[in-house]
Amino acid sequence: MREIFESTISRLLSDTVTPELLRACEGGSWPTELWAALEDSGFAVAAAPEALGGAGASWADLFVVVQACGRHNLPLPFTEALLANALLGQCGLQAINAPLGLAAGGDLSLYNGRITGNVRDLPWGRHVNQVVAVVAGTEPLLVLLERTSARCEPRLNTAGEPRDDLHFEGVVPTATAVLPAGMPAQVLQFGGAMLRSAQIAGALQCVLELTSRYATERVQFGKPIGSFQAIQHQIAVLSEHSGAATVAAE
């Protein structure tokens with residue numbers, strides 16, 4: 001399954017994530033056609049159990065998918081949707097094949113069945129359909145919230161990607177579920193770190209390939225700069241770091 005996932009996602013992103021699309025997204029556009037293609041692929045719900053609309057795929061299967069997202073600089077909350085559906089499935093809730101947000105930062109509270117509080121730095125918060133969050137308590141709860149029920153404060157990170165703040169006031173969740181025994185209340189932070197580590201590993205692989213290619217094409221003193229020992233040494237060091245990041249993330 002892993003090999004099929006890797007070849008499928010690599011082909012899809014290679015064909016669709018173009019420099020032109022990335023520039024448009026940096027200008028604020030939402031790539032509707034790209035999300036539709038990802039939705040059709042089924043990867044966003046792949047980690048959920050089959051009985052709940054997924055494929056029962058493991059991290060070993062999906063690591064290469066998340067890595068490819070970093071490699072191609074995918075400008076969508078796709079990895080967030082993948083993890084959100086994994087958590088929904090573990091909590092016995094139906095998978096959702098749509099843009100989802102992971103509320104890893106914030107101060108949400110539950111009172112009389114209603115959610116109040118803030119979600120900070122939500123990736124592509126203005127574009128997601130629903131938000132998955134964990135509300136702390138004696139029994140930490142996974143809650144599903146409609147994004148349209150919140151007031152959105154648009155923000156950007158240093159890469160120009162949406163990292164919005166959402167403000168909820170007395171909102172009834174779409175669904176709630178107690179976290180399974182043994183799952184920490186910080187699961188969104190831990191899971192988010194896992195996703196970002198895999199994406200960083202993919203980005204490093206791309207940097208290594210671009211660097212190696214440039215070293216064979218750039219000519220100085222009558223020969224490619226990749227033939228100079230100092231350049232070869234630095235590329236070797238980069239290769240070591242890329243390999244270490246991949247192994248650590250997986």
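How many residues does the stretch 3-41 hold that are polar (S, T, N, Q) and touching a residue at least 12 places away in the same chain (Cβ under 8 Å)?
5
Taking the options Asn85, Asn97, name whichever one is open to solvent by 40 Å² or more (accessible area, probe 1.4 Å), of a type outside the set (Asp, Glu), under 21 Å from Arg2 (Cα atoms) and in contact (Cβ under 8 Å) with a residue 24 or more places away in the chain.
Values: Asn85 fails: open to solvent by 40 Å² or more (accessible area, probe 1.4 Å).
Just a single option satisfies the conditions, and that option is Asn97.
Say we look at the stretch 66-75 and pick out the residues that are under 21 Å from Leu122 (Cα atoms) and of a type in the set (A, V, I, L, M, F, W, C); which of these is surrounded by the most Cβ atoms within 10 Å (Cβ to Cβ)?
Val66
Table: residues versus (1) under 26 Å from Gly125 (Cβ atoms); (2) open to solvent by 70 Å² or more (accessible area, probe 1.4 Å); (3) in contact with a His (Cβ under 9 Å, 6 or more places away or on another chain).
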{"position": "Leu13", "(1), (2), (3)": "yes, no, yes"}
{"position": "Thr18", "(1), (2), (3)": "yes, no, no"}
{"position": "Cys25", "(1), (2), (3)": "yes, no, no"}
{"position": "Glu33", "(1), (2), (3)": "yes, yes, no"}
{"position": "Asp40", "(1), (2), (3)": "yes, yes, no"}
{"position": "Pro77", "(1), (2), (3)": "yes, no, yes"}
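Is it the case that Asp61 is more than 20 Å from Gln199 (Cβ to Cβ) and among the acidic types (Asp, Glu)? Full working, then the answer.
Values: more than 20 Å from Gln199 (Cβ to Cβ): no; among the acidic types (Asp, Glu): yes.
No: the conditions fail for Asp61.
Select from the stretch 1-49 the residues that are part of a loop (DSSP other than H, G, I, E, B), under 18 Å from the mean Cα position of the chain (by Cα) and over 19 Å from Asn73 (Cβ atoms) and list them in ascending order.
Gly42, Ala46, Ala47, Ala48
What residue, of Ala185, Ala159, is open to solvent by less than 50 Å² (accessible area, probe 1.4 Å) and either of a type outside the set (S, T, N, Q) or in contact (Cβ under 8 Å) with a residue 60 or more places away in the chain (or both)?
After ruling out the rest, the residue left standing is Ala185.
Any residue at all in the stretch 216-228 that is hydroxyl-bearing (Ser, Thr, Tyr), in contact with a helix residue (DSSP H, G or I) (Cβ under 8 Å, 6 or more places away or on another chain) and open to solvent by 50 Å² or more (accessible area, probe 1.4 Å)?
First pass over the stretch 216-228, keeping only residues hydroxyl-bearing (Ser, Thr, Tyr): 216, 227.
Narrowing further to those that are in contact with a helix residue (DSSP H, G or I) (Cβ under 8 Å, 6 or more places away or on another chain): 216.
Then keep just the ones that are open to solvent by 50 Å² or more (accessible area, probe 1.4 Å); that gives 216.
Looking through the stretch 216-228, at least one residue is hydroxyl-bearing (Ser, Thr, Tyr), in contact with a helix residue (DSSP H, G or I) (Cβ under 8 Å, 6 or more places away or on another chain) and open to solvent by 50 Å² or more (accessible area, probe 1.4 Å).
The values are calculated or read from the model by the stated rules, or taken from the named source; none is laboratory data. Model, not experiment: these values are computed from the prediction. Note that each Cβ is placed from the backbone with ideal geometry, even for glycine, and that neighbours are counted across all protein chains shown. With ligands, DNA and RNA removed, areas are computed over all heavy atoms of the protein, side chains included. Shrake-Rupley method; radii C 1.70, N 1.55, O 1.52, S 1.80 Å.
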